[in-house]
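The structure under discussion appears below in the form of C-alpha cells.
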C-alpha cells in the first residue's frame, strides 16, 4: 500500500509520525468534546444499524482498495474518515448517554483508558516526534547554527541582542510550547468536565417587562 501522506510539500512525509500524532490527538479531542455535551440530535437509526455500519464501511473500504488499486490512498482516507464520522455520530446522538446519571464502572474504566491514551499522545508522542523531526530533517541540533547572535541588532531597535539564540534552543522552545498548550487544554477540559452538570439559570424578568403571552393572548404563568 502506498504512503498515505501526500508528497505535496517536501517536509510532509519526513514529518509523518508527527502529523499522525497530531491527527490522533485532534480526533480524540473531538470525541471528548462530543461526550461533554448532551445529545442535541435524535439518532435517525437504531443502535444495531449504527454498529453494523462500522463493519459495512470497513468491508467496503477493503474491497474498494483491492479493486481500485490506483486510488488506494484515497480509498483508505475515505474509509477512515467515514469510520470516524460514524463514531462521532453515534456518540453525539446516543440516547443512553445522560450526563445527569452517574457513570457505570465500565464507562469509568473506558474513560480512564481514553484519557491515558490522550495523555500519552499529547505529552509523549508529539513532543518526541517533534524533537526527532527537528534533529533529523530540519537539522536544528547543530549548535553552530544561530537564529541570531549577540552582535546582531534587534529588528527595529539600534541595539544588539543581549544573548545568542541557536537552533537547538529554538527546537527546545517549540517543545516547551507544545507542553504548555497541551497542559492548558488539559486543564480546560477538566474544568469543562467538572461543570458538565451545572444548569444555567434563566435570566430574571426585569421589572415593567411585558408578560409573556400564549398564542391565544393569555399571560403565561411561571411553573411552581
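Couple of notes before you dig in:
- Residue within the range 191-209 that is surrounded by fewer than 12 Cβ atoms within 10 Å (Cβ to Cβ) and either in contact with a helix residue (DSSP H, G or I) (Cβ under 6 Å, 6 or more places away or on another chain) or modelled with pLDDT of 85 or more (or both) present: yes
- Flag if residue 44 is in a loop (DSSP other than H, G, I, E, B) and either in contact (Cβ under 8 Å) with a residue 60 or more places away in the chain or exposed (fewer than 14 other Cβ atoms within 10 Å of the Cβ) (or both): yes
- Among the residues making up the range 156-197, those that are closer than 28 Å to residue 135 by Cβ and either touching a strand residue (DSSP E or B) at 6+ places or on another chain (Cβ under 7 Å) or outside any helix (DSSP H, G or I) (or both) are 161, 162, 163, 164, 165, 166, 167, 170.
- For the range 124-137, filtered to residues that are farther than 15 Å from residue 173 by Cα and either without any contact (Cβ under 8 Å) to a residue 12 or more places away in the chain or touching a helix residue (DSSP H, G or I) at 6+ places or on another chain (Cβ under 6 Å) (or both), the residue that is surrounded by the most Cβ atoms within 10 Å (Cβ to Cβ) is 125.
- Residue 155 being closer than 14 Å to residue 25 by Cα and at pLDDT below 95: no
- Of the set (1) more than 30 Å from residue 38 (Cβ to Cβ); (2) exposed (fewer than 13 other Cβ atoms within 10 Å of the Cβ); (3) at pLDDT 80 or above, all apply to residue 218 but (3).
- Boolean, residue 24 is touching a helix residue (DSSP H, G or I) at 6+ places or on another chain (Cβ under 9 Å), at pLDDT 90 or above and closer than 30 Å to residue 183 by Cβ: yes
- Test: residue in the range 93-103 that is loosely packed, with under 12 Cβ neighbours inside 10 Å, out of contact with any helix residue (DSSP H, G or I) (no Cβ under 9 Å at 6 or more places or on another chain), modelled with pLDDT under 95 and closer than 23 Å to residue 51 by Cα: yes
For (1) free of Cβ contacts under 8 Å to residues at least 40 places away in the same chain; (2) part of a helix (DSSP H, G or I); (3) closer than 14 Å to residue 87 by Cβ, each residue gets a yes or a no:
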site	(1), (2), (3)
8	yes, no, no
19	yes, yes, no
27	no, yes, yes
39	no, no, no
52	yes, yes, yes
55	yes, yes, yes
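The values are calculated or read from the model by the stated rules, or taken from the named source; none is laboratory data. The structure presented is a predicted model; accordingly, all values stated were derived computationally and were not measured. Every residue, glycine among them, receives a Cβ derived from its backbone with ideal geometry; neighbour counts consider all protein chains shown.
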